[in-house]
Amino acid sequence: MTLIAPSMLAADFLHLEKDVRMVNENADLFHLDIMDGTFVPNISYGFPVVEAIAKIAEKPLDAHLMIVNPEKYVDRCAKLGVSMLSFHLNATENPADVLDQIREAGMSPGLAINPDIPVESLFPYMEKCDYLLLMSVFAGFGGQKFIDTTYDRVAQLKREIVARGLDCLIQVDGGVSASNSAKLVECGADILVAGSAVFKSDDPAGVITAMKGE
Ligand code: DX5
Ligand code: ZN
């Protein structure tokens, strides 16, 4: 089963409640992009917005930290009700410790890499992760074009997960839409994040159904 995680970065912030309810009804997870202007050259939104979404969210919150020193904010995310928490491999000194910290705080740990970081860099940490996030654009902005080398990266990561007998999921994020979702799933993707494709569409529910392959 493919899980669809609309990225709330592309939601209509003037009508956030409407977009949260759309996800409640049609999608599987809320993908929450948190940026600090240092790890990535952009600032998105922070904890007050996550808290507001959490109040009416009926699907799990999947927070994607694009910040330096993610370890500082793990407990805060847990308190806000985040279920899945990912951070970038090169955003901290000791990724393994942060993965443990996330699990100890009661959340599912995920580890993310940008498209220019070899997939093998994730291998030493896979056993500690519930999911691995392969960026299919460079983290920082919504609405970018999907990078085609992602297909091979997903397939390579899937082979390693299967070889090790793990049940770690693969999440793909950036430029994902109904035009590339089927191929991503074929390569081994389990969770598809989509911002623009969902929220900039006239028919978000239809796009989600199409991406699920239903
Ligand atoms: C980019 C974010 C993505 C982004 C996806 O740094 O991690 O989650 O919001 O947006 P689209 O689907 O528009 O590329
Ligand atoms: Zn994201």
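Does residue 126 fit the bill of being surrounded by 20 or more Cβ atoms within 10 Å (Cβ to Cβ) and of a type in the set (A, V, I, L, M, F, W, C)? Criteria not met by residue 126.
State whether one or more residues within the stretch 42-65 are more than 16 Å from the chain's Cα centre (by Cα), hydroxyl-bearing (Ser, Thr, Tyr) and either over 16 Å from residue 23 (Cα atoms) or within 16 Å of ligand 2 (Cβ to nearest atom) (or both). There is no residue in the stretch 42-65 that is more than 16 Å from the chain's Cα centre (by Cα), hydroxyl-bearing (Ser, Thr, Tyr) and either over 16 Å from residue 23 (Cα atoms) or within 16 Å of ligand 2 (Cβ to nearest atom) (or both).
Does any residue of the stretch 143-153 turn out to be in a helix (DSSP H, G or I), modelled with pLDDT of 95 or more and out of contact with any Pro (no Cβ under 9 Å at 6 or more places or on another chain)? Scanning the stretch 143-153 turns up at least one residue that is in a helix (DSSP H, G or I), modelled with pLDDT of 95 or more and out of contact with any Pro (no Cβ under 9 Å at 6 or more places or on another chain). Those strands (runs of 3 or more DSSP E) of the stretch 1-114 that lie entirely within it include none in which at least 2 residues are β-branched (Val, Ile, Thr) and more than 14 Å from ligand 1 (Cβ to nearest atom). Of all residues in the stretch 138-181, those that are touching an Asp or Glu at 6+ places or on another chain (Cβ under 9 Å), open to solvent by 70 Å² or more (accessible area, probe 1.4 Å) and either within 16 Å of ligand 2 (Cβ to nearest atom) or within 17 Å of residue 1 (Cβ to Cβ) (or both) total 2. Against the test of being more than 17 Å from residue 88 (Cβ to Cβ), hydrophobic (A, V, I, L, M, F, W, C) and open to solvent by 10 Å² or more (accessible area, probe 1.4 Å), the options 205, 194 yield a single qualifying residue, 205. Consider the stretch 10-36 and keep the residues that are more than 14 Å from ligand 2 (Cβ to nearest atom) and either of a type in the set (D, E, K, R) or closer than 13 Å to residue 65 by Cβ (or both). The one that is most open to solvent (accessible area, probe 1.4 Å) is 25. Taking each residue of the stretch 153-164 that is without any contact (Cβ under 8 Å) to a residue 40 or more places away in the chain and basic (Lys, Arg) and looking for partners that are in a helix (DSSP H, G or I) and open to solvent by less than 20 Å² (accessible area, probe 1.4 Å) with beta-carbon atoms closer than 6 Å, six or more apart or interchain, yields 153/119. Quick one: residue 189 ticks every box in (1) small (Gly, Ala, Ser); (2) open to solvent by 30 Å² or more (accessible area, probe 1.4 Å); (3) in a loop (DSSP other than H, G, I, E, B) bar one, so which box is it? In the conditions (1) small (Gly, Ala, Ser); (2) open to solvent by 30 Å² or more (accessible area, probe 1.4 Å); (3) in a loop (DSSP other than H, G, I, E, B), residue 189 misses (2) alone.
The values are calculated or read from the model by the stated rules, or taken from the named source; none is laboratory data. Keep in mind it's a predicted model, so treat the numbers as computed, not measured. Neighbour counts run over all protein chains shown; Cβ positions are idealised from the backbone, glycine included. These accessible areas exclude ligands, DNA and RNA; they are computed on the full protein's heavy atoms, side chains included. Shrake-Rupley method; radii C 1.70, N 1.55, O 1.52, S 1.80 Å.
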